[in-house]
Amino acid sequence: MKIPLSLKAGAFLALGALALNAHGAEYEWKFQASETSGEPSFKIKQEWADKIETMTDGRVAIEVMPINAVVGPTETLQAVSAGILQGHMTDPSYFSGQNPAFGMLGNLVGAWQDPYDFLEYMKYAGGENLYNELVEPYGVHLISAATFPLESVPSTVEIKTIEDFKGLKIRAPQGMVYNIFERIGATPVNLPGSEVYTGLEKGVIDAADSTVLSNNDAQGLHQFAPYPLYPGFHSMPMIAVSINKQIWDGLSEDLQVTLKTAFDRMAYDLIARLKALDLETLAKLEKDPDVHPYDLPPEERKKFRQAAEKEWQEWAGRNDMTQKIYDSATGFLRSRDLL
């Protein structure tokens, strides 16, 4: 049952910071993720939570919970701030309604052709510092940025050109990706990830900005959407692995370093393992006569990126933080000949 955000936070903070469980953990935390429990990426996150318990000699026990376990996906920022959750592992684009900077840094749509470029920017070129400048006033601290491989687009109809997106009802989360699909003529529908399956099954949507190929297949999406675009070309959302700032500030330096190191390592492990799963999934789908993966040609990808760049520029002018993110990210891309 979902917990209303109106509940008092003090008791939850105390539980999160000082809980002593049956195994003797000094800190026992609940982190809500943005995936369902059956998705491969969710299981990888759970594995890393278990590793952190081992790495800290049992001092930290993290329970990773699926989407909607405690609050809705757009509510986790407030829940972590209030101490209802101690942390989350989620796409910041869910919070674009509070500040467009969350959508811009959380998913600069069309910018990243490789997940390792994104991680280099976040971890070594100032991206994580910018995110903490954005999120810490909300009472939340980013431990580590992670991401997925580029997302696939499961579709009920063939998509072979950008023109084919015109009139297409495509699931897209609130924010930049939603607007860019509008720019290329699609009709975006704002649904949480947990409703993509039923949306495709019932014809509410024709296609989805969902997640990676292996996750989509694990959810059974290709039963209703047998024309997946792979490799992805459009979206590669950040996973903000974050914790309540009051709890973070109260941790010893050794625990802070351990958590940072572990979640940084998880970021690279997640990409490698999901890519391997994607390739296994692709090989399986290519043998299925009812499923038809398609790789959008370079000239069509270029058209999408041109539309995306116009949207970046529009978002840059929304406030001081969006301009700062635009300048920082595009400066990095140019320095790597990526823009």
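The values are calculated or read from the model by the stated rules, or taken from the named source; none is laboratory data. If you're wondering where the values come from, they're calculated on a predicted model, not measured in any experiment. Cβ coordinates were reconstructed from backbone atoms using ideal geometry, including for glycine residues, and neighbour counts include every protein chain displayed. These accessible areas exclude ligands, DNA and RNA; they are computed on the full protein's heavy atoms, side chains included. Shrake-Rupley method; radii C 1.70, N 1.55, O 1.52, S 1.80 Å.
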- Message: Give the lysines reachable from Lys160 as a straight Cα distance under 30 Å; neighbours fewer than 8 places away on the same chain don't count.
- Response: Lys169, Lys202, Lys275, Lys284, Lys287, Lys302, Lys303, Lys310
- accessible surface per residue for the chain, probe 1.4 Å, DNA/RNA/ligands not counted, whole Å² -> 40
- Share of accessible surface on carbon and sulfur in the stretch 257-306, whole %, 1.4 Å probe and ligands ignored, is 57
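Leaving ligands, DNA and RNA out of it, rank Glu299, Glu75 by accessible area with a 1.4 Å probe, largest first.
So the residues, ranked largest to smallest area, are Glu299, Glu75.
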- Message: Tell me whether the stretch 39-129 comes out rounded, prolate or oblate; compute the Cα gyration tensor, take square roots of the eigenvalues as a ≥ b ≥ c, and use a/c under 1.5 as the rounded threshold.
- Response: oblate
- Query: How would Leu150, Leu296 rank on accessible area, largest to smallest, probe 1.4 Å?
  - Reply: Leu150, Leu296
- Note on the structure: For the stretch 183-268, the percent of all C-alpha pairs falling in each 5 Å bin, from 0 up to the bin holding the max distance, is 3, 10, 18, 17, 13, 9, 10, 10, 7, 4, 0
- Dipole magnitude of the chain, debye to nearest 20 (Cβ charges: Lys/Arg +1, Asp/Glu -1, about Cα centre): 460
- Message: Could you compute how much accessible surface Met55 exposes when probed at 1.4 Å, giving the result in Å² to the nearest 10?
- Response: 100
- Shape metrics for the stretch 78-229, restricted to C-alpha atoms - Rg then Dmax, Å: 16.3, 46
- Show me 242-254, 205-217, 169-181 ranked by packing, highest mean number of other Cβ atoms within 10 Å first. 205-217, 169-181, 242-254
- Query: Rank Tyr326, Tyr124 by accessible area, highest first, at a 1.4 Å probe radius?
  - Reply: Tyr124, Tyr326
- Could you state how much accessible area His292 has, in square angstrom rounded to the nearest 10, with a 1.4 Å probe and all protein chains kept in place? 80
- Item | Crossing angle, helix 298-316 versus the chain [Cα axis fit, 0-90 degrees, rounded to tens] | 50
- Nonlocal amide H pairs with Trp29, under 5 Å, H built at 1.01 Å: Ala61, Ile62, Glu63
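Run the helix sum for the chain: -39,500 (n - 2.57) per DSSP H stretch of 4+ residues, divided by residue count, reported at 222 nm to the nearest 500 deg cm²/dmol. Walk me through the numbers before you get to the answer.
On the way: 13 runs with 153 residues, N = 339.
Rounded to the nearest 500, the figure is -14000 deg cm²/dmol.
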- Task: Please report the relative contact order for the chain, taking Cα pairs under 8 Å with a sequence separation of at least 6, and give it as a percent rounded to a whole number.
- Result: 21
